[in-house]
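Only the coordinates and a few stated rules stand behind these numbers; no lab work does. Computed from a predicted structure; not experimentally measured. All Cβ positions, even for glycine, are placed from backbone atoms using ideal geometry, and neighbour counts span all protein chains on display.
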Amino acid sequence: MLARILDLFKGHAPDPLPEPDARLALGALMVRVAKSDGDYRAVEIGRIDKLLARMNGLGPVDAAKMRATCEKIEAEAPSTKKFALLIRETVSPEARIEAHEALWQIMLADGLPSDEEMAIVLQVREALGLSRAECDAARGRMARL
């Protein structure tokens, strides 16, 4: 009897995380950028949810669920470069630019871009195989939003 009571307190093992695909890798990178300055703000979370919804054709609840999955993947994550390479290897050049624009949106969401966020965005740019000019153009487009 005591063993059954103790089992109730332990709960069940968490469901295994899905294997990251390009969509989840980008979501995890957005989370990583938002968390990199040590201040994961509600405005950044909201922007991630909106981007995930728009980019994946999801409603608000499903986008929030996807973000929660991305947060878990990011916490157990491989390197930033591995996420970016997964995106590079599986999507078109146009989609890679869109992914980079999404990271700029997250970085600019709270109005306080940090050196830590910038370092991740630049690391991802290189891993995605984007030029400095493409990066600068993406930043300019996102700054005007």
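State, to one decimal in nm, how far the label point of S92 lies from the label point of K65, with both points 7 Å from Cα in the Cβ direction.
Between S92 and K65, the label points sit 2.9 nm apart.
Sum up the charges of everything whose Cβ sits under 15 Å from the Cβ of E44, counting Lys and Arg as +1 and Asp and Glu as -1, but leave E44 out.
That sum, taken over residues with Cβ under 15 Å, equals -2.
Eight or more residues apart or on different chains, and alpha-carbon atoms under 26 Å: count the Lys pairs in the chain matching that.
15
Subtract the Cα-Cα distance of Y40 and E76 from 0.36 nm times their separation in residues, and report this length gain in nm to one decimal.
Stretched out fully, the Y40 to E76 stretch lengthens by 11.3 nm.
Compare the Cα positions of C135, G59, M30 along the charge dipole of the chain (+1 at Cβ of Lys, Arg; -1 at Cβ of Asp, Glu; about the Cα centre) and return the one farthest towards the positive end.
So the residue furthest toward the plus end is G59.
Consider the candidate values (1) 11, 38, 33, 14, 3, 0; (2) 10, 28, 38, 22, 2; (3) 12, 41, 30, 8, 6, 2, 0; state which one is P(r) over Cα pairs in 10 Å bins from 0, in percent computed from the structure displayed.
After the calculation, the listed value that fits is (3).
About its Cα centre, how strong a charge dipole does the chain have in debye, to the nearest 20, once Lys and Arg get +1 and Asp and Glu get -1 at the Cβ?
Here the chain has a charge dipole of around 180 debye.
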